[in-house]
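Let me begin by presenting the structure, written as structure tokens, before commenting on it.
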DNA sequence: TCCATTTGACACTGACTAGTGTACTTTGAC
DNA sequence: GTCAAAGTACACTAGTCAGTGTCAAATGGA
């Protein structure tokens, strides 16, 4: 199992149509249920073409997983910059940031449905590739969040020993909580409940990490 | 799709052999990959017998999911009682409690592998049954943890507004964190790292909820 | 226009799998 | 020992699906 095939093949727009369709179908049906024929139909492409671009169903899946991670990581980076660059009201800014981050799950439904599929397949994915995915996706999220928190701490608004731990804790108390309850968006949750969960999570985080305890 | 079949059929030990094997195979291979023949072989039972006890592969899966949840919920209840009944050193007791709770994942590997399978299948499981599972498993965990925290708060050791939120937050900061990183035990993590994560989580929880801030 | 690359249509193989039908054997209660 | 309930062995259907072979059609650059 190779990570990526070296030589590019075929027309890029075909390849993109395939990966897009694959992301959707893998996310909707899961790896095993997803049929290559269904992906071909969804992509408006011959099945034969898929096998000219990708050697394997497995390789297609892994390619899609890695490429999607990059995409979403970039989007999350933007959300961080929008909310955490300049802080006016820390609590409100963190709440807004977390709500936007949660909303990304619904903004990229195909990708996050795929995330569920990846987590389901974890035991069947070659460890190095799984680690590559974790590194490209979730881990990068933490690594990018940590510096923002550190900078906020330097301004005297937070008291932080380990910024990576703090980033992980903020994520757990907000995004992870919601994702777990909604199964990554598979089971909807009323927006007001999402807001409540995120608000409670941010408040708990601030009680734990705010420099000036009320 | 009925929740449980009313009339009991066949010898209970056969039925148990089937459900045990099903739990293991479903957990190992996931729902779609898991073959009924494989389950029959693992159970030391004729495939025909499986279909006399259960109408469907699907019904077998759902039965196993619900029964396993009950079992593990009971085990977790014991862990709570062991560590949270009388508190001597709150931080240490919470750490020990959380470590034991995390260890339950490796103590019931078949069940928690199945949990991953359930979460993977979430979108394909009839909502009422999925909710029944959530109620029997994860939710009950929270509901049972909350009273303990409330009692600890009444003794003046914690300051808690919403005990359910507090229970959820403690769980997120410890068990969920570890489970997410290990993919429910599929990818191992050194014990020292588990201890570090849990300790950091409990400390963050206590900074957020302890009555007397240091 | 020409030609090489790419793609499509489609039939096909081989393997696997859920579920059934049936005839035979085992088990355990009485 | 009898007998009915339960289980086994095994062949079989019918469907699905990953991946391939083949050849014709489309595409696009020179």
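Here are some notes:
- For the axis carrying chain B to chain A: nearest C-beta residue of B, whole Å: B:120, 1
- Teacher prompt: residue A:46 distances to equivalent labels in other copies, 7 Å Cα→Cβ, nm: 5.0
- Estimated FRET transfer efficiency (residue A:164, residue A:9; beta-carbon r; R0 45 Å; 0.05): 0.65
- Legend: ranking of residues B:45, B:194, B:64 from fewest to most surrounding C-beta atoms inside 10 Å; resulting order B:45, B:194, B:64.
- Listed by Cβ neighbour count within 10 Å, with the fewest neighbours leading, A:82, A:144 appear as A:82, A:144.
- Residues A:20, A:52, sorted so that the one with the fewest Cβ neighbours within 10 Å comes first: A:52, A:20
- Look at the stretch A:29-38: the mean tally of other chain Cβ atoms within 10 Å of its residues' Cβ atoms is 3.
- Tilt relative to chain A, helix A:191-209 - C-alpha long axis, 0 to 90 degrees, to 10: 60 degrees
- Across identical copies of the chain, residue B:156 has label-point separations of 3.5 nm, listed in ascending order, with the point defined 7 angstrom from Cα along Cα→Cβ.
- Within 10 Å of each Cβ in B:175-187, the average number of Cβ atoms from other chains: 4
- Partner shielding of A:109-122 amounts to 3, given as the average count of beta-carbon atoms from other chains within 10 Å of each residue beta-carbon.
- Degrees between helix A:140-154 axis and first principal axis of chain A (Cα, 0 to 90, nearest 10): 20 degrees
- Chain lengthening between residue A:92 and residue A:70 when straightened (0.36 nm per residue, less Cα-Cα): 5.1 nm
- Cα-based shape type of chain B, given that a ≥ b ≥ c are square roots of the gyration tensor eigenvalues and the cut on a/c is 1.5: prolate
- With label points set 7 Å from Cα along Cα→Cβ, the inter-copy distances at residue A:81 are 5.6 nm, sorted shortest first.
- Against the main long axis of the alpha-carbon atoms of chain A, helix A:57-84 sits at an angle near 30°.
- Protection-proxy order for peptides B:68-75, A:86-93, each taking the mean of Cβ atoms within 10 Å per residue, highest first: B:68-75, A:86-93
Values quoted throughout were computed directly from the atomic coordinates according to the rules given, and no laboratory measurement underlies them. Remember, it's a predicted structure, so these values are computed and weren't measured experimentally. Here the Cβ is made from the backbone with ideal geometry for all residues, glycine too, and neighbour counts use every protein chain on show.
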